[in-house]
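Beneath this line is the structure, given in structure tokens, with notes to follow.
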Amino acid sequence: MNREKAGIILNSPDTLQCLFTDPQLTGFSGRKIIALLQNLATCLDVQNESYLEIGVYRGMSLVSVSKVFEGTVYGIDNFSQFDREKRNYNLIRDHCERLDLRNLNLINDDFEAALRNLRDHVGNRKIGLLFIDGPHDYRSQLMCLLLSEAYLSDSAVIVVD
């Protein structure tokens, strides 16, 4: 993570602009959080750092970050919330195909199980930007932090919704 550039971004979140938008991407994330994540992703070391999102829902933030970041992007979700018909996983896959995204990896699993076995998915890659947007209760967010710690780069940025 380019700390100097990330510092500038983090110190001026209200002036950030989205680097990519798509009217077909829908979800709960607002423009400001999307702009923050996209801009922070441009600070990542493409060769050595990845973006990890816990809690994907319909893929709005995950897909939009994947579009502006040339490195590897991971999203963890078991799609058990807000999706009784189980359509969101396929919706995200459709967005990836439509936008020709080859760097996005969906981990369709419970976040705790996925994080306990994250090495199976990321290998030796480090997470430079972590967005925790899964279950919003204290315990779940704490578990996300604790279980992801071993995979974080030294200069990682963590965003918690």
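The values are calculated or read from the model by the stated rules, or taken from the named source; none is laboratory data. It should be emphasised that the depicted structure is a prediction, and the values quoted were computed from it without experimental measurement. Every residue, glycine as well, gets a Cβ built from its backbone with ideal geometry; the counts of neighbours run over all protein chains shown. We work out accessible area using only protein heavy atoms, side chains counted, and drop any ligands, DNA or RNA first. Shrake-Rupley method; radii C 1.70, N 1.55, O 1.52, S 1.80 Å.
Yes or no, residue by residue, for (1) open to solvent by 10 Å² or more (accessible area, probe 1.4 Å); (2) within 23 Å of Leu147 (Cα to Cα):
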| position | (1), (2) |
| --- | --- |
| Ala41 | no, yes |
| Asp77 | yes, yes |
| Ser80 | yes, yes |
| Arg93 | yes, no |
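Just to be sure I understand, how many residues within the stretch 1-39 are among the basic types (Lys, Arg) and over 23 Å from Ser153 (Cβ atoms)?
Residues meeting the conditions: 2.
Which residues, taken from the stretch 1-24, are surrounded by 12 or more Cβ atoms within 10 Å (Cβ to Cβ) and among the hydroxyl-bearing types (Ser, Thr, Tyr)?
Residue satisfying the conditions is Thr21 alone.
The rows are residues; the columns are (1) more than 13 Å from the chain's Cα centre (by Cα); (2) not in a loop (DSSP other than H, G, I, E, B).
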residue	(1), (2)
Asn124	yes, no
Ile127	no, yes
Ser140	yes, yes
Leu146	yes, yes
Asp154	yes, yes
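Need pairs with beta-carbon distance below 8 Å; first residue β-branched (Val, Ile, Thr) and within the stretch 109-126, second open to solvent by 30 Å² or more (accessible area, probe 1.4 Å); sequence gap 6+ or separate chains.
Every condition considered, the pairs that remain are Val122/Thr72.
Just to check your reading of the model, which residue among Arg84, Arg102 is open to solvent by 30 Å² or more (accessible area, probe 1.4 Å), at pLDDT 95 or above, out of contact with any Gly (no Cβ under 9 Å at 6 or more places or on another chain) and assigned to a loop (DSSP other than H, G, I, E, B)?
On inspection, the qualifying residue turns out to be Arg102.
Kindly provide the set of residues from the stretch 34-49 that are within 13 Å of the chain's Cα centre (by Cα), over 11 Å from Leu19 (Cβ atoms) and free of Cβ contacts under 8 Å to residues at least 60 places away in the same chain, ordered by number.
Answer for the stretch 34-49, where residues must be within 13 Å of the chain's Cα centre (by Cα), over 11 Å from Leu19 (Cβ atoms) and free of Cβ contacts under 8 Å to residues at least 60 places away in the same chain: there is none.
State which residue pairs qualify: first residue farther than 17 Å from Pro23 by Cβ and inside the stretch 58-86, second residue hydroxyl-bearing (Ser, Thr, Tyr) and part of a loop (DSSP other than H, G, I, E, B) in any location, beta carbons under 8 Å apart, and separation of 6 or more residues or different chains.
These pairs meet every condition: Phe69/Thr42; Asp77/Tyr57; Gln81/Tyr57; Phe82/Tyr57; Asp83/Tyr57.
How many residues are acidic (Asp, Glu) and crowded, with 22+ Cβ neighbours inside 10 Å when one looks only at the stretch 43-57?
Summing the residues that are acidic (Asp, Glu) and crowded, with 22+ Cβ neighbours inside 10 Å in the stretch 43-57 gives 2.
Mind telling me which of the residues Asn108, Asn117 ends up being modelled with pLDDT under 95, open to solvent by 30 Å² or more (accessible area, probe 1.4 Å) and at negative phi?
Unique residue meeting the criteria: Asn108.
Say whether the condition of being farther than 22 Å from Asp154 by Cβ, open to solvent by 10 Å² or more (accessible area, probe 1.4 Å) and of a type in the set (S, T, N, Q) is met by at least one residue in the stretch 58-71.
Scanning the stretch 58-71, I find no residue that is farther than 22 Å from Asp154 by Cβ, open to solvent by 10 Å² or more (accessible area, probe 1.4 Å) and of a type in the set (S, T, N, Q), so the answer is no.
Would you check which residues across the stretch 30-39 are out of contact with any strand residue (DSSP E or B) (no Cβ under 9 Å at 6 or more places or on another chain) and open to solvent by less than 20 Å² (accessible area, probe 1.4 Å) and list them?
Answer for the stretch 30-39, where residues must be out of contact with any strand residue (DSSP E or B) (no Cβ under 9 Å at 6 or more places or on another chain) and open to solvent by less than 20 Å² (accessible area, probe 1.4 Å): Ile34, Ala35, Gln38.
Step by step: first the residues of the stretch 46-73, then only those that are out of contact with any Phe, Trp or Tyr (no Cβ under 7 Å at 6 or more places or on another chain) and either part of a helix (DSSP H, G or I) or basic (Lys, Arg) (or both), then the one that is nearest to Tyr89 (Cα to Cα). Which residue is that?
Among those residues, the one meeting the criterion is Arg58.
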